[in-house]
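The values are calculated or read from the model by the stated rules, or taken from the named source; none is laboratory data. Not measured: the values here are computed from a predicted model. Don't worry about glycine lacking a Cβ; one is built from the backbone with ideal geometry, like all the others, and counts go over all protein chains shown. Just the protein is used for accessible areas: all its heavy atoms, side chains included, with ligands, DNA and RNA removed. Shrake-Rupley method; radii C 1.70, N 1.55, O 1.52, S 1.80 Å.
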Amino acid sequence: MQGLVFWLIYPILWLVSILPFRLFYLFSDAVFFLVYHIIGYRKKTVRENLELVFPEKSEKEIKRIQKAFYSHMCDMFLEMIKSISISEKEIEKRFTFTNVEYLRKLESLDKSLVIMLGHYASYEWINALQLYGLKYKTYGIYKPIKNKRFDTLVKKIRGRFGGTLISTRQTTDVIRYNQENGILGNYAMIADQSPKLSRAKHWLHFMGIRVPVFEGSDRLARKLDMAVVYLHVEKVGRGYYEATLKPITEKAPAEPENAITKKFFEYLEEQIYKKPEYYLWTHKRWKHRNEPIPKNAEVID
């Protein structure tokens, strides 16, 4: 059944991916109209999230952010599909890194790098990083898709330019194996997901609300002596992004526990407050806010 679903949908995805960009974004406009005005996909969740973190904003402003977010979300989802066929030249032009020389400086330290990023602006075209002639291979940490054929497709898409996807469950083992065998890499980790309450061991204020957070990137970097940067992505035009590597630490073992996690969320908050329409508001990021904090949990303030 999974195979049938894949072969019914894949030809449509491929046809969308080869559309010229002008038609591609007209198609995105049509998808936006369907998702926002007809289906109303998770509109209640988005509205509740925006009103929760921006209590000072007027209803008119909340509606403006909400509408702009849905337009961006449709663009970003379709840009993932565009990755099926996008050329190296095109992706280099549309997802640029402003300070790759800083990454080369970090490579000269002879230690692996954790690239922390949030669900902000675009994270689909980060594989363009491999096109800059870097010494280290880039690994993307991801959650596998249940449909194995689509999972294989996603790994193929995101690995087209030399990167490799590894599942969240494999992350620690792969990094430790690479470290023990002298294989240095750049590990891109989306670090703003909401953990299950049973795994909520660390809590901090995110957008003014106390929520549980993952701190695996922090722990791995300190344990394995990895440098850490924040990937600051700006949407500078429709289908165009600029990424800047902002330093968090070059000496993770010397950092206090949870300091890396706190710095990551500070960077992310700064971006969200500036241009909130580019954050992924469909996720129930604050769903545990009213839950009692477990006795064995640590509050990071």
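Observations on the model:
- Checking the range 191-202 against the condition returns a match, with at least one residue being touching a residue at least 60 places away in the same chain (Cβ under 8 Å) and not in a loop (DSSP other than H, G, I, E, B).
- Any hit, the range 20-34, residues being touching an Asp or Glu at 6+ places or on another chain (Cβ under 8 Å), part of a helix (DSSP H, G or I) and over 13 Å from MET73 (Cβ atoms): yes
- Scanning the range 217-243 for residues that are surrounded by fewer than 18 Cβ atoms within 10 Å (Cβ to Cβ) and over 30 Å from SER71 (Cβ atoms) turns up ARG219, LYS223, ASP225.
- Every residue from the range 253-281 that is hydroxyl-bearing (Ser, Thr, Tyr) and open to solvent by 10 Å² or more (accessible area, probe 1.4 Å): TYR267, TYR273, TYR278
- Applying a threshold of 6 Å to beta carbon distances and a minimum spacing of six or more residues, or different chains, the list of pairs starting in the range 29-43 at a residue that is without any contact (Cβ under 8 Å) to a residue 60 or more places away in the chain and ending at one that is among the small types (Gly, Ala, Ser) reads PHE32/SER71.
- In the range 144-159, residue most open to solvent (accessible area, probe 1.4 Å) [restricted to those that are touching a residue at least 40 places away in the same chain (Cβ under 8 Å) and in contact with a Ser or Thr (Cβ under 9 Å, 6 or more places away or on another chain)]: ARG158
- Residue check, ILE62 open to solvent by less than 60 Å² (accessible area, probe 1.4 Å) and under 21 Å from the mean Cα position of the chain (by Cα): no
- Residues in the range 28-53 that are open to solvent by 30 Å² or more (accessible area, probe 1.4 Å) and more than 24 Å from ARG285 (Cβ to Cβ): 6 in all.
- For the range 129-177, a residue qualifies if it is under 15 Å from ILE190 (Cα atoms) and hydrophobic (A, V, I, L, M, F, W, C), and the qualifying residues are ILE141, LEU165, ILE166.
- Strands (runs of 3 or more DSSP E) completely within the range 83-143 that count 1 or more residues being open to solvent by less than 20 Å² (accessible area, probe 1.4 Å) and within 15 Å of LEU165 (Cα to Cα): 113-117, 137-142
- Residue check, VAL299 surrounded by 22 or more Cβ atoms within 10 Å (Cβ to Cβ) and in contact (Cβ under 8 Å) with a residue 60 or more places away in the chain: no
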